[in-house]
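Encoded as structure tokens, the structure appears first; notes follow it.
Quick note: the coordinates plus some simple rules give every number you see, no bench work behind them. All values derive from a computational prediction rather than experimental measurement. Backbone-built Cβ (ideal geometry, glycine too); neighbour counts: all protein chains shown.
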Amino acid sequence: MHEDRKYIIFPVAEINKVDFSQVLETSADTLRKSVDGFKTLIKWDSVEIPSFVSTIVEADGPYTYNEILVIMATPEWISPIPNP
């Protein structure tokens, strides 16, 4: 299902460079952010990298679905559950 899906991680400061017509997210409000709020990611279902990605200076990736699952399971992306 997600075999062709690709992801990049980049600084939140570069969200203004995203062309939401080329990715699966619909707006800056639908982007997942890292716990510290400094990074975000986008995804797309195409072999071709969206054209605007080359303008993002500090982009990491592209990552595959399996690779991004591992990254999203790290403390950088998952807030610890507070003790009651």
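The figures follow:
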read-out: Selection from segment 55-73 of residues that are part of a helix (DSSP H, G or I) and either surrounded by fewer than 16 Cβ atoms within 10 Å (Cβ to Cβ) or β-branched (V, I, T) (or both); value: T55, Y65, N66, E67, I68, L69, V70, I71
read-out: Neighbours by Cβ (under 6 Å, 6+ apart or cross-chain): first from segment 16-41, touching a residue at least 12 places away in the same chain (Cβ under 8 Å); second of a type in the set (A, V, I, L, M, F, W, C) and assigned to a loop (DSSP other than H, G, I, E, B); value: K17/I56; E25/L31; S34/W77; T40/L31
read-out: Filtered residues of segment 11-32 (kept if closer than 17 Å to E67 by Cβ and surrounded by fewer than 12 Cβ atoms within 10 Å (Cβ to Cβ)); value: none
read-out: Failed condition for I8, given (1) of a type outside the set (S, T, N, Q); (2) without any contact (Cβ under 8 Å) to a residue 40 or more places away in the chain; (3) surrounded by 15 or more Cβ atoms within 10 Å (Cβ to Cβ); value: (2)
read-out: Residue list for segment 27-54, restricted to those being part of a helix (DSSP H, G or I) and farther than 13 Å from A13 by Cβ; value: D29, T30, S51, F52, V53, S54
read-out: Every residue from segment 33-49 that is exposed (fewer than 13 other Cβ atoms within 10 Å of the Cβ) and under 23 Å from P80 (Cα atoms); value: D36, G37, F38
